[in-house]
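Below is one structure, written out as structure tokens; the observations come after it.
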Amino acid sequence: GYGRTGVIYYEDGLQNEVVEGGILRSGSDSQVISRLRMNIDAATSTDQGVDFGARFRIQWDQNGDNSGELNAGKLYVTSSGLTVEVGNVDTALDSAGLIYGSELGSYDRSVGGNALGSFFAYESEAYEDDDRLGVAATYAVENLEVRFSYVDPDQTGLNEDFIPDDPFSGDDEEFNAKEEFSFSVDYTWNERLELSGGFALNGAGIDDHDVYFVGARYAVMENARIGLNWIDNGDAGSLTGISSDPTNPNVIEDFGNTVTLYGDYTLADGLTNIEAYIANNSGDWTQKETDNSFGIGVNYDLGGARLGASLQRDYQERVTADMGVRFDF
Amino acid sequence: GYGRTGVIYYEDGLQNEVVEGGILRSGSDSQVISRLRMNIDAATSTDQGVDFGARFRIQWDQNGDNSGELNAGKLYVTSSGLTVEVGNVDTALDSAGLIYGSELGSYDRSVGGNALGSFFAYESEAYEDDDRLGVAATYAVENLEVRFSYVDPDQTGLNEDFIPDDPFSGDDEEFNAKEEFSFSVDYTWNERLELSGGFALNGAGIDDHDVYFVGARYAVMENARIGLNWIDNGDAGSLTGISSDPTNPNVIEDFGNTVTLYGDYTLADGLTNIEAYIANNSGDWTQKETDNSFGIGVNYDLGGARLGASLQRDYQERVTADMGVRFDF
Amino acid sequence: GYGRTGVIYYEDGLQNEVVEGGILRSGSDSQVISRLRMNIDAATSTDQGVDFGARFRIQWDQNGDNSGELNAGKLYVTSSGLTVEVGNVDTALDSAGLIYGSELGSYDRSVGGNALGSFFAYESEAYEDDDRLGVAATYAVENLEVRFSYVDPDQTGLNEDFIPDDPFSGDDEEFNAKEEFSFSVDYTWNERLELSGGFALNGAGIDDHDVYFVGARYAVMENARIGLNWIDNGDAGSLTGISSDPTNPNVIEDFGNTVTLYGDYTLADGLTNIEAYIANNSGDWTQKETDNSFGIGVNYDLGGARLGASLQRDYQERVTADMGVRFDF
């Protein structure tokens, strides 16, 4: 697991907005945001060399949880490069090697470059529905890794007819009942070129909402890399940096596609890494002010921990910045 | 702890029945059912050689919990074969060596052979009442083990007058306020004959509800054992395989006695274990179709994990089957 | 962490009082009270010798929790005697070396000598408010330790205007929105004289409620110590031993100051420690019967565990006693 703490700034007090009696109240622009994550792993091996294992996670998010929280369990079996997981699985699209490639700083945030379209992932919080079922398989050999995952939000079949909220209204879906199928593949060529792609059908359990991703990253020098990501965000998702302002309610017409150019450069000290991205999104929603989002960040390696910072602008032309420390254990 | 996963089939969608507007809806007959259990133990020894220890358990049950859950703590002290526990204790009857002897497969299920009458056990979930108190003592010497336990569902004494729901109506008791006393003893003779017996008075805290058990198992060959269990189920409990069908509501006249004949046989490979039981119950309830329940199962030892399966028929003549894998760590 | 169990007696069934329909019902005077606490620590060191670490705690309190509960996380960094914590921090006043010096027995209880005024501490239970922020710093060098802490009950700033309940009414404050500043210092002189002091401003987040503490303890012999504590309890807090009796409701005029004289003496066996205190409180509340509280206790060291007992009288002239065992791991 890891611990991280520091300060996140978001313009217009967007980290905590409350509408009371039709009037918008915003929290402080800058807040201390920490996370503590511990994975509890257990494993055993059979006489035939097959490994069985399992994981729980305890996670606490400042401003989100009032205590550490356990999640649903994951069970897996591994043999000869093939891993099969059951339960709270790592989904295929979420595990694609480059899909989070444009993230910056110690908080690993990318308000413009990450997918806006939603899909299932390994769930650090409690399930919304007890009856969720996940199954995943990963095959890894040399430079190639192929993943498949299946998540049924309710395996009892009792909720198949549920109609989710209209994704275009921006309301949260209370429950999504379709089965998500997800696939991804990573390939590294000659230790310099990384290729990554995948998709999620019925993403996050929402009927006919599909997310597609293709990405590549090339090491132009020993200490510099450039990457390009393309994401089709599908019909449902969540946006970063939207205000709850009742006088300017946000209506989503289209999540569009996101194209992100990003790169990083390590200084001669071998410890300081500069990183940046510029992202273009073709979607359309009420509060959108620009099609271009960008950010720049830096990480300094302490050897066991790292200091990091980033400065970013989102699609509503709001500025966010963060600075903090992260240590892994 | 351990992890286990696989598929459980229950006829008529009995794993998830919902009555909505007077109409019965049943979930899928076959579902993936997993459990992940981790025990968190801590212990210390005094200079006099007395061991003090404690345990929490984290458990996640698919289709039952939306996240891993902690239980109430157990504290114990051990010296010279005598163990005294306080808190969330292992109760005497639940710990009797043969009471679960007829369980089959990787899920260790016995829909006909296990006790129908209820009694307290070590609680893997949260207590229903904060004020529950348990105390238990175990004395083990060579081939003999004697256990006593006491559970007060509410040690404040404020709820002694509470009247539980009529056990014959089949409704769940919301709160049971009497003190349960439980006792059990195990004895092994000549490494071939196992004897086991016990009882729980005011079982599960229900006034005048007593459960009695006697069992024996004999190794007829090196690789074959036969056992016989007798259980007086008392006045309160829970039945397996009952439908919530509003047109055929289940009324319990009598939980009766259960007599179970069971055995297991290990094949010449030393890894495959065949097991079976046949159980007869003298009780009477509306949905009961037969006095005889039976099942057959198999386990294959992977050395550190095991594959297992079972096929069983319950007292409502419903068929259930399971197949899965379990690994201990 | 540690485990402890035993029996606590409180006159008039004060451990569980319920008012039902205007009538007071009291629980048993003597109850088995146990606690199981496990700390989950993780840490790492950077190449420069800076230590980063983090902690969760799992705690179960009999009669208080129906299962073990996780708390909010603490993150810290340590280097050259300076420790900085973020999250669920150890606050300065709560960490003052002698503030709990008069506690007795295996339960470490002091109904008269501990502070009545409230202030923040490391929180073993879940936060009341997700948005709580704590920051603390400790500097330790040879015989000196200096601590500072800051706790903002709601760092969003959205609840600054909240008016807490009148502290004089004895009602619980539902939410306290001010920022607490706390400071403390410990100094040991010549290995015989311990000095300790500190304060908390806006204690527990309550506006203008300040708690001050000064204490000293002197080793008059190799095996005997005498201490004196002075606490200004401020305007808000909680009292021990108050009855919920609706015919004698408790109204608090003044928490007053508490002066406590305490000491302990180790017998020649080196294992048995006798301890006692006498405390005088100048406050005024309806149920108060005396300005003097006192207690005597004993601990017997088992080497890895300890047996302990105490007998105390509170400011309502109610007697409480406890006897139990505690083991650390």
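The values are calculated or read from the model by the stated rules, or taken from the named source; none is laboratory data. From a predicted model like this one, the values you see are computed outputs, not experimental measurements. Glycine gets a Cβ as well: all are built from the backbone with ideal geometry, and neighbour counts include every protein chain shown.
Quick notes
- Criterion violated by B:GLY64 - all others in (1) more than 16 Å from A:ARG55 (Cβ to Cβ); (2) at the interface with another protein chain (Cβ under 7 Å from one of its Cβ atoms); (3) in contact with a strand residue (DSSP E or B) (Cβ under 8 Å, 6 or more places away or on another chain) satisfied: (3)
- Scanning segment B:271-329 for residues that are of a type in the set (Phe, Trp, Tyr), within 11 Å of another protein chain (Cβ to nearest Cβ) and under 20 Å from the mean Cα position of the chain (by Cα) yields a single hit, B:PHE327.
- Evaluation of C:LEU158 against (1) assigned to a loop (DSSP other than H, G, I, E, B); (2) modelled with pLDDT of 95 or more; (3) more than 21 Å from the chain's Cα centre (by Cα) (one fails), failing number: (2)
- Top-ranked residue of segment C:71-99 - restricted to ones that are charged (D, E, K, R) and surrounded by fewer than 23 Cβ atoms within 10 Å (Cβ to Cβ), ranked as farthest from A:PHE329 (Cα to Cα): C:ASP94
- Residues located in segment A:180-192, provided they are at pLDDT 95 or above and either out of contact with any strand residue (DSSP E or B) (no Cβ under 6 Å at 6 or more places or on another chain) or outside any strand (DSSP E or B) (or both): A:TRP189, A:ARG192
- Some residue of segment B:23-34 being within 8 Å of another protein chain (Cβ to nearest Cβ), among the aliphatic types (A, V, I, L, M) and within 21 Å of B:GLY105 (Cβ to Cβ): yes
- Annotation note: Cβ proximity below 6 Å between a residue of segment A:116-129 that is without any contact (Cβ under 8 Å) to a residue 60 or more places away in the chain and closer than 21 Å to A:GLY234 by Cα and a residue that is in a loop (DSSP other than H, G, I, E, B) and not polar (S, T, N, Q) (sequence gap 6+ or interchain) occurs for A:TYR122/A:ASP90.
Each row is one residue, and each column tells you yes or no for (1) within 30 Å of B:GLY49 (Cβ to Cβ); (2) assigned to a strand (DSSP E or B); (3) at pLDDT 95 or above.
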residue	(1), (2), (3)
C:ASN273	yes, yes, yes
C:ILE278	no, yes, yes
C:GLN287	no, no, yes
C:THR290	no, no, yes
C:ASN299	yes, yes, yes
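- Of residues in segment C:208-232 being closer than 17 Å to C:VAL185 by Cβ and among the small types (Gly, Ala, Ser), the one nearest to the chain's Cα centre (by Cα): C:GLY215
- Candidates B:ALA72, B:ALA92 - the one that is within 14 Å of chain C (Cβ to nearest Cβ) and in contact (Cβ under 8 Å) with a residue 60 or more places away in the chain: B:ALA72
- Considering segment A:285-309, the residues that are aromatic (Phe, Trp, Tyr) and crowded, with 20+ Cβ neighbours inside 10 Å include one that is nearest to A:ASN248 (Cα to Cα), namely A:TRP285.
- Pairs linking a residue in segment A:2-19 that is more than 17 Å from A:ARG326 (Cα to Cα) and free of Cβ contacts under 8 Å to residues at least 24 places away in the same chain to a residue that is in a strand (DSSP E or B) and among the small types (Gly, Ala, Ser), with Cβ atoms under 9 Å and 6 or more positions apart or on different chains, are A:GLY13/A:SER26.
- Screening C:PHE52 with (1) under 28 Å from A:ARG57 (Cβ atoms); (2) within 14 Å of chain B (Cβ to nearest Cβ); (3) of a type outside the set (Ser, Thr, Tyr) gives one miss only, at (2).
- Tally of residues being out of contact with any strand residue (DSSP E or B) (no Cβ under 6 Å at 6 or more places or on another chain) and within 14 Å of A:GLY3 (Cα to Cα) across segment A:296-324: 0
- Of everything in segment A:10-22 that is in a strand (DSSP E or B) and crowded, with 16+ Cβ neighbours inside 10 Å, the residue that is nearest to the other protein chains (Cβ to nearest Cβ) is A:GLU17.
- Residues located in segment A:268-284, provided they are more than 15 Å from A:ASP108 (Cα to Cα) and surrounded by 14 or more Cβ atoms within 10 Å (Cβ to Cβ): A:LEU271, A:THR272, A:ILE278, A:ALA279, A:ASN280, A:ASN281, A:GLY283
- Looking only at residues in segment B:106-162 that are aromatic (Phe, Trp, Tyr) and more than 10 Å from chain C (Cβ to nearest Cβ), the one that is surrounded by the most Cβ atoms within 10 Å (Cβ to Cβ) is B:PHE119.
- Of residues in segment A:35-49 being in a loop (DSSP other than H, G, I, E, B) and among the polar types (S, T, N, Q), the one farthest from the other protein chains (Cβ to nearest Cβ): A:GLN48
- The residues of segment A:10-35 that are basic (Lys, Arg) and at pLDDT below 95 amount to a single one, A:ARG25.
- Any hit, segment A:249-261, residues being buried (at least 17 other Cβ atoms within 10 Å of the Cβ) and part of a loop (DSSP other than H, G, I, E, B): yes
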